[in-house]
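The values are calculated or read from the model by the stated rules, or taken from the named source; none is laboratory data. Note that the structure is predicted; figures quoted are calculated from it, not measured. Virtual Cβ from ideal backbone geometry, glycine too; neighbours counted across all protein chains shown. Surface accessibility is based on the protein's heavy atoms, side chains included, excluding ligands, DNA and RNA. Shrake-Rupley method; radii C 1.70, N 1.55, O 1.52, S 1.80 Å.
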Amino acid sequence: MKRQLIKHVLTRRDYGATVTVAGWLRSRRESKGGFSFLLLNDGSCLTELQVVADGTLPNYTDELSHLTTGAALSVTGRLVESPGSGQSVEVHATEVTVHGEADPEQYPLQKKRMSFERLRELAHLRPRTNTFGAVARVRNALMAATHQFFQTRDFVCVHTPIITGSDCEGAGDMFAVSTLDPEHPPRGADGCIDYEQDFFARRTFLTVSGQLEGETHACALGRIYTFGPTFRAENSNTRRHLSEFWMVEPEMAFADLSDDADLAEAYIRHLIQHCLEHCHADLTFFNQWVDQGLLARLAALADAPYHRLSYTEAVDRLLSSGEAFEFPVEWGCDLQSEHERYLTEQVFAQPVIVTDFPEAIKPFYMRLNDDGKTVAAMDVLLPHVGEIIGGSQREERLDVLLERMALKGVDPEAYRWYVDLRRFGSVPHAGFGLGFERMVQFCTGMQNIRDVIPFPRTPRHAEF
RNA sequence: UCCGGCGUAGCUCAAUGGUAGAGCGGGUGACUGUUAAUCACUAGGUUGUAGGUUCGAGCCCUACCGCCGGAGCCA
């Protein structure tokens, strides 16, 4: 079928032209004159196209006069200037084909506004709603902007593995991958499960990060990024956590923490600018219906420099704030959500980059600072979303890395290939991971992370 | 996993321990171009599940299930 997208038709002014569009019926209003106004949406944009279906159409009485929300149609007709006030163009149909009806007694989507919780149970139908259509378009724009940003800066996109053999990457519980019969797994002489007989002849898991593998290519190609699914088997039940989410992880050779922070800042700014430029209608929709401060906040963040301070400074700042926190602040403890929120929302009211955390609370691969107490790590905190980026300069000194591994109880044998990078042609390098869904949340104002990924996986939820 | 809140019509929500209701959506009809159309009529319920208290439970108690929010873990 040759058809035009509604987003293009809506901008045309060549009245009299014949156009063909196709989509799903959002609503039908019957006129007193014995004809119908059909609002058609094809997903190409937020706005519906108004189609006038005249009572003289051959299938009007039998089919068109009974159409209800959700039906799939294609329409051929004449583009005309609309006499009505809600739209500038409309299509007078000469032919309307009904491809699929949607029985109103059973079709769960209403013309009325529905709760996000309810729509979550209708994950297969919710992309047909204004909000989720807009989320999908913004998400797509952010993905395109991500590739654009890194590609134009000569980063090479690297596909790191989904299945990994590293079982302690320091980022939480992992999903096991196995083809063994869970009822009767083979067992060795010691009674333990014999993973020698498993598919990969060893224990394997879904990745919690592509970083370690990414470093191998950064230390060869110079600048790389990964953009792929990531899995965490944590029993997290919050509006900012998913069991399966997408992460963007750039990694740069010959770079330190300051370069890393510069990149993070430029990347986030690029995403916001791209969104403002390419998703204006969708953002305006979110600003009106979801988060009234959205556009102002995005505009403010598109150019402003982000505030950087060290962990030690952040702790001092919190201690001297006089604020009564639920959890007391003390040097050496990880910053709590309330502390991060206070910094990014109250103190600076802008994105904040906290650097140089105590080594005791960070993983083995982060570079030890000269003070011997802190590592070259950074967290980027966004107002209302919280931690969106975690990154660090990596420990490139072989002896220090081995010490740190010993200290953290990580077996260097299990990471031979990773240690090898420090043995042969080691360079200072740095990178970070950005939670893609959290960025989509930030750009749409959507409160719950389950509503910015098409099919959210959370504990006890993998229905679709 | 811990803390708190909530489960009533297809959807959003009312209902002092005393006859389960409204709006929207649906159906039927009326009305010369509508924009959340309007108006009239109409259908629609094992009040999350299982127990308990009571003359009587949507409401009180217990357990379980589900959902939401906060915390932890993190991106």
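At most 16 other Cβ atoms within 10 Å plus a DSSP loop assignment makes a site exposed; report the longest stretch of chain A without any exposed GluC sites (Glu not before Pro).
On the way: sites that count: A:Glu101, A:Glu105, A:Glu121, A:Glu183, A:Glu234, A:Glu323, A:Glu326, A:Glu330, A:Glu463.
With GluC sites (Glu not before Pro) excluded where exposed in loops, chain A gives A:331-462 as its longest stretch.
For region A:6-100, the solvent-accessible area of protein heavy atoms averages 46 Å² per residue (probe radius 1.4 Å; ligands and nucleic acids excluded). Computed from the C-beta positions of A:Ser258 and A:Asp194 and an R0 of 41 Å, the FRET efficiency is 0.25 to the nearest 0.05. Couplings 3J(HN,Hα) for region A:16-25, derived from phi with the Karplus relation 6.51 cos²θ - 1.76 cosθ + 1.60 (θ = phi - 60°), are x, 5, 8, 10, 10, 10, 8, x, 10, 6 Hz, where x marks Gly and Pro. Report the residues of region A:132-149 in range of a label on A:Trp289: point 7 Å along Cα→C-beta, backbone N strictly under 18 Å from it. Those under the cut-off are A:132-140. For region A:376-464, the solvent-accessible area works out to 39 Å² per residue, with a probe of 1.4 Å and every protein chain left in place.
Give a residue-ordered list of calculated ³J(HN,Hα) values for region A:174-179 (Karplus: 6.51 cos²θ - 1.76 cosθ + 1.60, θ = phi - 60°; whole Hz; x for Gly, Pro). These are the phi-based 3J(HN,Hα) values: 10, 7, 7, 10, 7, 10 Hz. Give me the one-decimal nm value for the distance between modelled label points at A:Val98 and A:Asp14, 7 Å along each residue's Cα-to-Cβ direction. For A:Val98 paired with A:Asp14, the spin-label model returns 3.3 nm.
Using a Förster distance of 56 Å, how high is the FRET efficiency between A:Lys408 and A:Ala72, based on the Cβ-Cβ distance and rounded to 0.05?
Numbers: r = 56 Å, r/R0 = 1.01.
Efficiency for this residue pair is about 0.50.
Per-residue SASA remark: A:His92, around 60 Å² accessible (1.4 Å probe; ligands, DNA and RNA not included). Length gained on full extension, A:Ala201 to A:Glu234: 9.3 nm, using 0.36 nm per residue less the C-alpha separation. Under 5 Å from the amide H of A:Gly386 lies no amide H of any residue 5 or more positions distant or on a separate chain, with H modelled from the backbone and absent for Pro and chain starts.
I'd like the FRET efficiency for A:Met1 and A:Asp181, computed as 1/(1 + (r/R0)^6) with the beta carbon distance as r and R0 of 60 Å, rounded to 0.05. Let's see the in-between values first.
On the way: r = 48 Å, r/R0 = 0.81.
E between A:Met1 and A:Asp181, to the nearest 0.05, is 0.80.
Neighbours of A:Pro456, meaning other residues whose beta-carbon lies under 14 angstrom from its beta-carbon, give a summed charge of +4 when Lys and Arg score +1 and Asp and Glu score -1. 3J(HN,Hα) along region A:75-92: 9, 10, x, 9, 6, 9, 6, 7, x, x, 9, x, 7, 8, 10, 8, 10, 8 Hz, from the Karplus curve 6.51 cos²θ - 1.76 cosθ + 1.60 with θ = phi - 60°, whole Hz, x for Gly and Pro. Stretched out straight at 0.36 nm per residue, the stretch from A:Leu125 to A:Phe464 would grow longer than its current Cα-Cα span by 120.9 nm. Rounded to the nearest 500, the 222 nm mean residue ellipticity of chain A from helices alone is -8000 deg cm²/dmol, with -39,500 (n - 2.57) taken per DSSP H run of at least 4 residues. Within the accessible surface of region A:6-100, defined with a 1.4 Å probe on protein heavy atoms only, the carbon and sulfur portion equals 51 percent. Roughly speaking, what is the centre-to-centre gap between region A:1-63 and region A:397-464 when only Cα atoms are used, to the nearest Å? A separation of 48 Å, based on Cα centres. Tell me whether chain A comes out rounded, prolate or oblate; compute the Cα gyration tensor, take square roots of the eigenvalues as a ≥ b ≥ c, and use a/c under 1.5 as the rounded threshold. Prolate, since a/c reaches 1.5 and a/b exceeds b/c. Extension gain for the segment A:His159 to A:Asn59, taken as residue separation times 0.36 nm less the Cα-Cα distance, is 30.8 nm to one decimal.
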